[in-house]
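> Sharing a structure, written as structure tokens. Questions coming.
The values are calculated or read from the model by the stated rules, or taken from the named source; none is laboratory data. Here the structure is a predicted model, which is why all the values come from computation and not from measurement. Don't worry about glycine lacking a Cβ; one is built from the backbone with ideal geometry, like all the others, and counts go over all protein chains shown.
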Amino acid sequence: MSDTLIVDYGAGNTRSVRAAFARLGETTILSAAPDAIERAPYVVLPGVGSARAAMEHLTETGAADALKERFRAGRPILGICLGLQLALEHSEEDGGVETLGLLEGTVHRLTDGRVPRLGWASVTPWDHSFYFAHSYAARSNATIATADGVTAAVAAGSFLGVQFHPEKSGAAGERWLASCRSRV
Amino acid sequence: MVGIVPFPRLIPCLDVTAGRVVKGVSFQQLRDVGDPVELAAAYSEGGADELVFLDITATLENARTMVDVVARVADVVSIPFTVGGGIRSADDAARLIEAGADRVSINSAAIARPSLITEIAHLFGSQAVVVAIDAGGGRVHSHGGTTAVGRDVVEWAREAAECGAGEILLTSIEQDGQRSGYDLALTTAVRDAVRVPVIASGGAGNAQHVVDALRVTDAALVASIVHDDPTQLPALRDAVQAAGIVLRPLPEVLT
């Protein structure tokens, strides 16, 4: 099997995501090349940096269009944290950013509790705890799971997005990633 | 309105120098405790919610070693971890985050130049910046707690959060190592002054102290209470939960 592609948008911690796939016995490549994004068997849009910087980088490299094309073709994409948020239409972050628009929905700053929201929360209906680290959250009719009332996962077509970090959620996260990959 | 409250966190802290985890009452009497990767994996297995690594020597040479330690930890350990000690610039922070750290903790450099907080938050998000505050007599101390800065702790915590800190790690210098409990009054004052999460640190001597801290704030740093022994962590978790604090449920280990 060819490599899982981790979309490179130029900032932050992608090592943890790659390490998580390596622990599942999978090799990954880090790339923003449009043809590679369209071709790869599995694409992960990871959760690092800020919405504006990420969108600028994805647009400049042509990765944004490649992700839209891949989604239209029904090929699987996993979005993690910011990667989930980028798949929606608009984010309040950085004064307002137009995002990829693969799915209906918008991203808003958290208003309740401590922000950033840091820590483990139980995800309904999956009945496991996963690790969250975010200040913004999705509102979408594609929401399929929540944690304390906040969107924890969205899915539509070939896109699956999670607000939590499966790569940082210990054994539960590892199992979740493995089951996610086995369905593809 | 929904209650957006994650589970309270227990965060073991590992002091690192020259690529090894050490323990000592003073720098003159450091004892080698073990390999950071092995200890981190063991704490993770024991139910730690996160980890903190502190480079306690923070020389240039140690900083390079720390980047290597971070990369090795990130390859093996699948819970979040923060790295602190000797971070003076956004480049220092970037090297650690790109090596696999989820967050960096800054202290003296943030006191000297609060805009460093903003720079790192801008690059990696607020959730990636922890501001560590060493408190003595309600005043801020820098350089490992040795230098009084003459600032009020609560006021500095508020400013740090306004600059973009995503979390405050509050250590009581008086309580640290005393094993008589966290400084709950100061922790509560800081908690009430900021909207970001606050980690209590310094002074835990028994499980009840941890319980008391988790009743007033989001997370507790634990070090000597587990005797630098990861196998002590499950018992601490059990005792904390027996006192009525609900920690995250651990997945059953599949063998």
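> Specify which of the listed residues (A:96, A:12) is surrounded by fewer than 24 Cβ atoms within 10 Å (Cβ to Cβ), at pLDDT 95 or above and on the phi > 0 side of the Ramachandran plot.
Of A:96, A:12, the one residue that is surrounded by fewer than 24 Cβ atoms within 10 Å (Cβ to Cβ), at pLDDT 95 or above and on the phi > 0 side of the Ramachandran plot is A:96.
> A further question follows. Picking from B:111, B:106, which residue would you name as being of a type in the set (Val, Ile, Thr) and crowded, with 24+ Cβ neighbours inside 10 Å? Break it down stepwise before answering.
Numbers: B:111 fails: crowded, with 24+ Cβ neighbours inside 10 Å.
After ruling out the rest, the residue left standing is B:106.
> Starting from residues that are within 13 Å of chain B (Cβ to nearest Cβ) and in contact with a Lys or Arg (Cβ under 8 Å, 6 or more places away or on another chain), keep the ones in the range A:100-117 and report whichever is farthest from residue A:74 (Cα to Cα). Step through it out loud before you land on a result.
Initially, the range A:100-117 is screened for residues within 13 Å of chain B (Cβ to nearest Cβ), giving A:108-117.
Narrowing the set further to residues that are in contact with a Lys or Arg (Cβ under 8 Å, 6 or more places away or on another chain) leaves A:108, A:110, A:114-115.
Values: A:108: 27, A:110: 31, A:114: 38, A:115: 35 Å.
Checked the range A:100-117; the qualifying residue farthest from residue A:74 (Cα to Cα) is A:114.
> May I pose another question? Between a first residue in the range A:104-119 that is under 15 Å from residue A:132 (Cα atoms) and a second residue that is of a type in the set (S, T, N, Q), which pairs have beta carbons less than 7 Å apart while being 6 or more apart in sequence or on different chains?
From residues that are under 15 Å from residue A:132 (Cα atoms), the pairs are A:109/A:135; A:110/A:135; A:115/A:135; A:116/A:135; A:116/B:126; A:116/B:127; A:118/B:127.
> Let me ask something else. Tally time: how many residues in the range A:41-52 are facing another protein chain (nearest Cβ under 10 Å) and among the β-branched types (Val, Ile, Thr)?
Count: 1.
> I'd like the full set of residues that are within 14 Å of another protein chain (Cβ to nearest Cβ) and of a type in the set (Val, Ile, Thr), limited to the range B:115-168.
Correct list: B:117, B:118, B:120, B:129, B:130, B:131, B:168.
> Only residues that are acidic (Asp, Glu) and closer than 17 Å to residue B:221 by Cβ: list them for the range B:48-73, please.
Scanning the range B:48-73 gives B:49, B:50, B:55.
Here's the yes/no breakdown for (1) in contact with a Leu (Cβ under 9 Å, 6 or more places away or on another chain); (2) buried (at least 24 other Cβ atoms within 10 Å of the Cβ):
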site: A:107; (1), (2): yes, yes
site: A:119; (1), (2): no, no
site: A:131; (1), (2): yes, yes
site: A:135; (1), (2): yes, no
site: A:138; (1), (2): yes, yes
site: A:141; (1), (2): yes, no
site: A:146; (1), (2): no, no
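> Scan the range B:77-86 for residues that are of a type in the set (Val, Ile, Thr) and either in a loop (DSSP other than H, G, I, E, B) or touching a helix residue (DSSP H, G or I) at 6+ places or on another chain (Cβ under 6 Å) (or both) and jot them down.
Listed by number, the residues that qualify are B:77, B:79, B:83.
> When you scan the range A:72-90, do you find a residue that is at pLDDT below 95 and either over 30 Å from residue B:51 (Cβ atoms) or among the aromatic types (Phe, Trp, Tyr) (or both), even just one?
no
> From (1) among the charged types (D, E, K, R); (2) within 14 Å of chain A (Cβ to nearest Cβ); (3) assigned to a loop (DSSP other than H, G, I, E, B), pick out the condition that doesn't hold for residue B:176.
So residue B:176 meets the others, but not (2).
> Here's something else I'd like to know. Being out of contact with any Asp or Glu (no Cβ under 7 Å at 6 or more places or on another chain), part of a strand (DSSP E or B), in contact (Cβ under 8 Å) with a residue 24 or more places away in the chain and farther than 30 Å from residue B:196 by Cβ, is that true of even one residue in the range A:59-70?
Checked against the condition, which is being out of contact with any Asp or Glu (no Cβ under 7 Å at 6 or more places or on another chain), part of a strand (DSSP E or B), in contact (Cβ under 8 Å) with a residue 24 or more places away in the chain and farther than 30 Å from residue B:196 by Cβ, the range A:59-70 yields no hits at all.
> Based on this model, can you work out whether residue A:178 counts as of a type in the set (A, V, I, L, M), within 14 Å of chain B (Cβ to nearest Cβ) and buried (at least 23 other Cβ atoms within 10 Å of the Cβ)?
For residue A:178, the condition - of a type in the set (A, V, I, L, M), within 14 Å of chain B (Cβ to nearest Cβ) and buried (at least 23 other Cβ atoms within 10 Å of the Cβ) - is not met.
> Something else about it: Kindly indicate the residue of the range A:147-160 that is over 15 Å from the mean Cα position of the chain (by Cα) and assigned to a strand (DSSP E or B) and also nearest to the other protein chains (Cβ to nearest Cβ) among those meeting that condition. Before you say what the answer is, go through the steps one by one.
Initial filter on the range A:147-160 (over 15 Å from the mean Cα position of the chain (by Cα)): A:147-150.
Filter once more, keeping what is assigned to a strand (DSSP E or B): A:147, A:150.
On the way: A:147: 8, A:150: 6 Å.
Going through the qualifying residues, I end up with A:150.
> Just a yes or no: is a residue in the range B:204-213 among the polar types (S, T, N, Q) and either touching a residue at least 40 places away in the same chain (Cβ under 8 Å) or more than 14 Å from chain A (Cβ to nearest Cβ) (or both)? Step through it out loud before you land on a result.
First, pick out the residues of the range B:204-213 that are among the polar types (S, T, N, Q): B:206, B:208.
Add one more test, that the residue is either touching a residue at least 40 places away in the same chain (Cβ under 8 Å) or more than 14 Å from chain A (Cβ to nearest Cβ) (or both), and what stays is B:206, B:208.
Yes, the range B:204-213 has at least one match.
> On the given criteria, is residue A:130 assigned to a strand (DSSP E or B), within 19 Å of residue A:44 (Cβ to Cβ) and within 13 Å of chain B (Cβ to nearest Cβ)?
yes
> Inside the range A:22-40, can you point out the residues that are free of Cβ contacts under 8 Å to residues at least 12 places away in the same chain and within 11 Å of chain B (Cβ to nearest Cβ)?
A:22
> Can you tell me which residue among A:66, A:87, A:73 is surrounded by 16 or more Cβ atoms within 10 Å (Cβ to Cβ), away from chain B (no Cβ under 14 Å) and farther than 29 Å from residue B:120 by Cβ?
Details: A:87 fails: farther than 29 Å from residue B:120 by Cβ; A:73 fails: surrounded by 16 or more Cβ atoms within 10 Å (Cβ to Cβ).
After ruling out the rest, the residue left standing is A:66.
> Within the range B:209-237, count every residue that is surrounded by fewer than 20 Cβ atoms within 10 Å (Cβ to Cβ) and within 24 Å of residue A:123 (Cβ to Cβ).
Number of matching residues: 1.
> Might you let me know whether the range B:142-162 holds any residue that is crowded, with 23+ Cβ neighbours inside 10 Å and within 14 Å of the chain's Cα centre (by Cα)?
no
> Go through the residues of the range A:7-21 one by one and say whether even a single one is of a type in the set (Val, Ile, Thr), away from chain B (no Cβ under 14 Å) and in contact (Cβ under 8 Å) with a residue 24 or more places away in the chain.
Yes, there is a match, as at least one residue in the range A:7-21 is of a type in the set (Val, Ile, Thr), away from chain B (no Cβ under 14 Å) and in contact (Cβ under 8 Å) with a residue 24 or more places away in the chain.
> If you don't mind, another one. Restricting to the range B:49-76, give me the number of residues that are more than 9 Å from every other protein chain (Cβ to nearest Cβ) and assigned to a loop (DSSP other than H, G, I, E, B).
Result for the range B:49-76: 4.
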